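Asker: A single structure is presented below for examination.
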Amino acid sequence: MNKHLRIVILGAAFGLPAAAMAQAPSAPVKSVTIKFGQPAPADFEAKNFVGDSAASAVVLYDFGSTRFRLNGLRFQLESDRVTRIKVLKKSGYDVATVEVPLYHQGQAEEKLTSLRGFTYNEAGGKIEKVKLDAGTTFAEERTKNVRIRKFTLPNVREGAVIEYAYTVSSDFLFNFQDWSFQREIPTRWSEFQATIPEYFDYKMVMQGYEPLALQTQEQVSAQYTAHESGGIAMSGERTSASSETIMARATSYHWAMQNVPALRDEPYMTTMRDYVARLNFELAGQRMPGQTYQNVTGSWPKINADLRASDMFGGQLGRVGFLAEALKPLIAQYPDPATRAAAVRQLIMQAVKYDGTNGYSASGPLRRSYELHRGTAADVNLLLIAALREAGLPAEPVLLSTRSHGRVNQFFPLLEQFNYVVGVLPLDEKQELLLDATDPLLPCGLLPTRCLSQVGRLVPSKEGEGRWVNLTPAQRHLHFQDIKLTLDAQGNLSGQVREEHGGYAAAPVREKLLSVGEKKYLTELAGRHSGWEVPTYKFSAINDPAKTLSLSYELRQAASTTSSAQELYINPLAAFVEAQNPFRDEKRKYPVDFGSLRQDVLVLTLTLPAGYAAELPKPTTLTLPDNGGRYLYSATSPTPGTVQFVSRLTLDKPVYGAEEYGSLREFYRLALAKQAEALVLRKQ
Amino acid sequence: MFLTILAALLLAGPPAPKYPVEAIAPALRENAHAVVRAYDEVVTVKSASQLVKSVHQVVTILGPGAGDEYGVLSVAYDDLDRLNYLRGAVYDAQGHLLHQLRPAEVHDQGLGSSGGSFMTDLRVRYADLRQPTLPYTVEFDYEITSNNTLFYPNWQPQSDENIALESATLQVTTPTTLPLRFEEQLLPAGAATAPTVAGSQTTYRWQLAARPAVEAEPLAPPLSELLPAVHLAPATFEVQGYAGSLDSWQNLGLWTYQLGKGRDVLPPALTAKMAQLLITDPDPRARARKVYEYLQSSTRYVSVQLGLGGWQTAPAQAVATGGYGDCKALSNYTCALLRAAGLPAYVALVGAGADHADVRAGFPSSQFNHAILCMPLAARGSTPADTVWLECTSQTEAFGYMGSFTGNRHALLLTPEGGRLVATPRYGAQANRQQRRTDLWLDATGNAKATVRTQRVGLAQDRYAQLLHGADPDEQKKYVANRLHLNHFTITSLRLTAPAASTPALPSVVEQLGLDLPNVATTAGRRLLVEPNLLGRLAALPAQVGPRQAPLALPAASLTQDTVRLHLPTGFKAENLPQPVQLTSAYGTYTSTCTTLPDGTLQYVRQLETRRPAGGTTLPATKYSEYQDFSRKINQADHAQVVLVANGA
């Protein structure tokens, strides 16, 4: 059975009718519990781990719970974690080293407390218990706002069971930690609880490919005690310390997964984050006692209004008067919107370099980035949008999530899902131009591959919902080769090759060419084939991304044997096509995500040695189900003494589901087999 | 007065352009992605325990790739260092100032767990001055005060390919009482200036000018060994109150040995446990093996590098309690275990890593990154004396095996009398071998099933041993699949095992592989074409472009044997078989034969033994074409084809 991606929308603390809440599965599941500090004899019986022979370690129990408490008069998040892991092999020792990232900003910091841990080893029928020495933990300032607390459990051996527990308190209510049920090792039981008082509205999103074993929620009443410390009031009066307990309604949630398989990396994936079984929390709003509801995110019109008002987003879009002078000649020279947009983009690319940091909010005033000649993706692209508007083109920002940041859930108006912004310019009723100025190697209208994550969200310049924008590019990943070869009676090959890289195929080649140079590029190309010599070559449009990148070269290959035979078997296509099926695994669990459509075309004309005739291979047409793609192969003899091969592989989907994997792999196998077929030449 | 100021203001005008691109000589732009305009390093030795290094570096970026390397500056430092300042500026092609680096644009980051450390105080400060328009010129200035004088900086202003050098200087000023030690590497004539003495200080100077860009070549030593450099080291030094002398390997060894003094005390119960082995295992080798097994089953590698802890071992007691430590701590601990078991051994420092250059033996200095253990075994009865080397950070390594990580090089033994540079085990072709037997059952349509048994011994098994012990079955399959050069296949079974070593201290790994190979043979009418050397083809060497510059560095000697049994489909027979091939050169011997066995099965046998001709690990550049010719002939022979034809065709 094929598993499909589950994105389940779970009930929010309030605001959603009860009927919308997902139901717990029918078969009741027995909760797993452990006694911290007490080893379970069953964890040391080999028979309980027979099924885990492939794993280096197994998470026996992973429990998290998050609740709210008052620290003074402010609410805090307090999260407990208890983890128990069985180490099966030496390669699993790494699980004993744990890193906990703690965020801090200004005076506020996340704190780790009550750290304790044990290692249990079986020795001579008895279970030895060794305690984690809390003095051997380390703290490292990883970056300006992130401190890492690290510890490692002692005496870890094959067969050991380790366990640790700690509490993290946090003032950052927006930083409600996600819960991952899945890791790179199998998990027997993973459980998460959250008790959220009526004051807070969190959106909860479940993702991944694994089912929940347990899911409940109940209304409870909670108590929160506010403490006020004593001091001297403004009036000069002494106030005494006081405390007050408030009662609140709260919802207690409970989720668990059982026997979760290890998470596996596969080729052509976006990011593991998209595939892991995980529960995400997002603060949507809050209603403090005696106050009205304060929407933190909530709806697209609200998000859009906030963004427009934001000093680092909408606030920057109207402040590029400093570009007016530079734009003036472009406006005069290019009346056509698409051409003008390309010219404006060129101007921005020459002025500001993308520093590799992604974001949708400017890092500072756009003018500063312009003067610095460097900026984040947001700086560069907001500057582009502002410049387009200044040049009279009604460009709008489109928020998106890069492939490494993960898929966007369209059910939720959540700003945190995005990490990038590009521009969109409507050209006419049917066409719009997507614009990005971070990569000078791409032509205008092509988004960088990192942006190809299916959909983005347009933020309109006036009030309104905005809309989803399809990011799947019309431009393909295009590779074309026109090859003319001559074979002599001794088996020597010589000829001309013209190779073109278009659409998404061009930028990586341009990048490589610019970094290694033409000569080295050619040396590598020739080096991949035994006996190839490339006496002359010529590249064109290396520095002009608007044009197709092409390479022409002359090719010579001496025969591997000197004897001239009655029959020659040659394999003319082999050197010009993919040598290996890109899909080596038999099975696939997650979708194959190429990002863009692809086409690979090869036309090879072979002139035969005099006096030889060819036995032509049969033509073939292969198709993928559901119009997913086609492969065409033909060998013809347009004139006596020549053979023309045409090989055309087309993939018409940017993403293939896991259930299509088998046919995709077979499609490639058959295409490769056809390309490998030998041509038989007979002496007349 | 007023006039003078005005005149001065007028004269000041706009700042003069700095480092305009047009000032670069055309010869330096040739093949260059960047040109180092200036690299000026000033080292001031303040005392035996402190030195200050300041660097002024100016680089013009010509190609986009070079900006990532040279448009960004990263300076690493740790708790023993203080970074005094980091300044920067960037200029356009004409040399006009584009931007002056502001303090807020300098970032600082901990290196965390990168590089396998659990905890390290190593941090990096970095600044990014890359520009959208090429060319441009970046200028960086920084200064570090280091309280770790065990290491003096090295100077190699040109170290990458496609980077030209316009000018570079090195100046070292040291109290005359603390003489500088240095080793010059491939310096052109005139690069060094005689030292000058002023008062109590002596100053040494070197300079390099106008060096065009170079390109890395295949099968060559790393460029760092082929370009000019000056290596520096102290004669005497002091780190955190530990004074030492570096004028000889003996003294470096002595300092390190003393740093670990008193840190080898085991808990009494453990000492007693080891002493018990003296009774149960009278044979020293067997006893040492027991101790090593105990180590491997009860400890793991966890690296903590803080301050002096980067060089000083953690106490053996701490390893006994926590069951973990870094290479120094685990070697020190094992040394203590062995001693308790009546087996004297020495910790040895080594430059570990398959690509790590061997110690520059003539220049005693801290060139090591790892610690291992060396245990001499006296002759006993008919057993001759022997030396056993132990890797103490691995829980799976074979007893006495060093492999490509620490073998075939020199290590510094730390003895109470001081350091001694000795050779670690040598591994020749027999200790780097692979034997493979393939059975291929072909059907009439060109599809096949195959079973492959590959035994790898010694260096050849190093990565497979890691795969066997460190990876789960899925990862093993992925690794093996990525190394099968076949256009389509399905792995039907894979099993890795480590049979008991037949030769002492020479581990082996056996890989048993089942394959489905659709279309492995090409159909051509009624014929089937198949290359019997399915898995053991030697990759073609890249063609030489232009005259070879770099010496030829050959891979380690190896022995590869392949036997392929080709089981023909019913009704088929071989129409022609490849001719036997025999190739002999200074670099090795190659043979391949293909014969028909009595039952009609075809048997292909191939053997390649490579060696390094006498004369060290590198050979003159002129030998490249000879070597390339040899490997090209092998590559050609490896593609030998069998033509099968249906009976009666």
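Read the figures in this text as sums done on the coordinates, not as results from a lab. This one's a predicted model, so the numbers in the text were calculated from it and none came from an experiment. Neighbour counts are summed over all protein chains in view; Cβ atoms, including those assigned to glycine, are modelled from backbone coordinates with ideal geometry.
Asker: Any lysines with Cα under 22 Å of the A:Lys618 Cα? List them, leaving off those in the same chain fewer than 8 positions away.
Answerer: Leaving aside lysines fewer than 8 places away in the same chain, those within reach of A:Lys618 are A:Lys484, A:Lys674, A:Lys683.
Asker: Which value results for Rg/Rh of the range B:334-377 when Rg is the Cα radius of gyration and Rh the Kirkwood radius based on the inverse mean 1/r?
Answerer: Radius of gyration over Kirkwood radius for the range B:334-377 works out to 1.09.
Asker: Within a 10 angstrom radius of each residue's Cβ in A:525-532, how many Cβ atoms of other chains show up on average? Whole number is fine.
Answerer: 4
Asker: Now for a different question. Under 9 Å from the Cβ of A:Pro301, count the other residues' Cβ atoms, weight Lys and Arg +1, Asp and Glu -1, and hand me the total.
Answerer: That sum, taken over residues with Cβ under 9 Å, equals -1.
Asker: Could I ask something else about it? When you look at the Cβ of every residue in A:44-55, what mean number of other chain Cβ atoms sits within 10 Å?
Answerer: Mean inter-chain Cβ contacts per residue within 10 Å come to 1.
Asker: DSSP loop (so not H, G, I, E, B), at most 11 other Cβ within 10 Å: list which trypsin sites (Lys or Arg not before Pro) in the range B:220-286 pass both filters.
Answerer: In loop regions of the range B:220-286 (DSSP not H, G, I, E or B), the sparsely surrounded trypsin sites (Lys or Arg not before Pro) are B:Lys261.
Asker: Evaluated at 25 °C with a viscosity of 0.890 mPa s, what Stokes-Einstein diffusion coefficient in µm²/s does chain A have when Rh comes from the Kirkwood expression over alpha-carbon pairs?
Answerer: The Stokes-Einstein estimate is 82 µm²/s.
Asker: So, one more: Can you list, bin by bin at 10 Å, the percent of alpha carbon pairs in the range A:300-470, starting at 0?
Answerer: 11, 43, 37, 8, 0
Asker: From the backbone phi of the range A:471-479, what are the Karplus-calculated ³J(HN,Hα) couplings (6.51 cos²θ - 1.76 cosθ + 1.60, θ = phi - 60°) in whole Hz, Gly and Pro given as x?
Answerer: Karplus values, whole Hz, x for Gly and Pro: 9, 5, x, 6, 6, 8, 8, 10, 9.
Asker: For the range A:537-632, which trypsin sites (Lys or Arg not before Pro) are in a loop by DSSP, counting at most 16 other Cβ atoms within 10 Å?
Answerer: Counting only loop positions with at most 16 other Cβ atoms within 10 Å, the trypsin sites (Lys or Arg not before Pro) in the range A:537-632 are A:Lys547, A:Lys587, A:Lys589.
Asker: Farthest toward the dipole's positive end in the protein assembly as shown, which of A:Asn280, A:His477, B:Thr601, given Cβ charges of +1 (Lys, Arg) and -1 (Asp, Glu) about the Cα centre?
Answerer: B:Thr601
Asker: If you don't mind, another one. Could you state the angle between the C-alpha long axis of helix B:473-482 and the longest principal axis of the C-alpha atoms of chain B, as a value from 0 to 90 degrees rounded to the nearest 10?
Answerer: It is inclined by approximately 90 degrees.
Asker: To make sure I understand the rule: partners must be aspartates and glutamates, Cα under 13 Å from the Cα of A:Lys89, and not fewer than 8 residues away in the same chain. Which ones qualify?
Answerer: Correct list for A:Lys89: A:Asp52, A:Glu158, B:Asp472.
Asker: If a/c stays under 1.5 just call it rounded; otherwise compare a/b with b/c (prolate if a/b is bigger, oblate if not). Do that for the range A:476-683, with a ≥ b ≥ c from the square roots of the Cα gyration tensor eigenvalues.
Answerer: It is oblate, given that a/c is not under 1.5 and a/b is not larger than b/c.
Asker: With contacts defined as alpha carbon pairs under 8 Å and 6 or more residues apart, what's the relative contact order of the range B:429-646 in percent?
Answerer: Reported relative contact order: 25 percent.
Asker: With a cut-off of 8 Å between alpha carbons and a minimum separation of six or more residues, what is the relative contact order of chain B in percent?
Answerer: The normalised contact order for chain B reaches 10 percent.
Asker: Would you work out if the range B:429-646 is rounded, prolate or oblate? Take a ≥ b ≥ c from the square roots of the eigenvalues of the alpha-carbon gyration tensor; rounded if a/c is under 1.5, else prolate when a/b is larger than b/c, oblate otherwise.
Answerer: Verdict is oblate for the range B:429-646.
Asker: Work out the P(r) tail for chain B: percent of alpha carbon pairs separated by more than 44 Å, whole number.
Answerer: 38 percent
Asker: Over all directions, how big on average is the projection of the convex hull of the alpha-carbon atoms in the range B:315-465, in square nanometres?
Answerer: 13.8 nm²
Asker: Please compute the Kirkwood hydrodynamic radius of the protein assembly as shown from all pairs of different C-alpha atoms, in Å with one decimal.
Answerer: Taking every pair of different Cα atoms in the protein assembly as shown, averaging 1/r and inverting gives 36.1 Å.
Asker: To continue, here is another question. Full-extension gain between B:Ala243 and B:Asp516, please, as 0.36 nm times their residue separation minus the C-alpha to C-alpha distance.
Answerer: Roughly 91.8 nm would be gained on extension.
Asker: Listed here are the pairs A:Lys90/A:Lys144; A:Lys353/A:Lys547; A:Lys47/A:Lys150; A:Lys587/A:Lys653; which of them are more than 29 Å apart at the Cα?
Answerer: Flagged as over cut-off: A:Lys90/A:Lys144; A:Lys47/A:Lys150.
Asker: Rounded to the nearest 0.05, what FRET efficiency do B:Ser382 and B:Thr593 give with R0 = 51 Å and r taken as the Cβ-Cβ distance? Could you check?
Answerer: 0.75
Asker: Another question, if that's okay. Lysine pairs in chain B 8 or more apart or on different chains: how many have alpha carbons under 23 angstrom apart?
Answerer: Number of lysine pairs found: 9.
Asker: For the range A:404-468, which trypsin sites (Lys or Arg not before Pro) pass both filters: DSSP loop (anything but H, G, I, E, B) and at most 12 other C-beta atoms within 10 Å?
Answerer: A:Lys430, A:Lys462
Asker: What's the angle, to the nearest 10 degrees (0 to 90), between helix A:337-351's Cα axis and the longest principal axis of chain A?
Answerer: Approximately 70 degrees, to the nearest 10.
Asker: Moving on to the next point. Calculate the spin-label point distance for B:Lys633 paired with A:Phe138, positioning each point 7 Å from the Cα along the beta-carbon direction, and give it in nanometres.
Answerer: 5.5 nm
Asker: Mind ranking B:583-589, A:252-258, A:417-423 by how tightly packed they are, going by the mean number of other C-beta atoms within 10 angstrom, highest first?
Answerer: A:417-423, A:252-258, B:583-589
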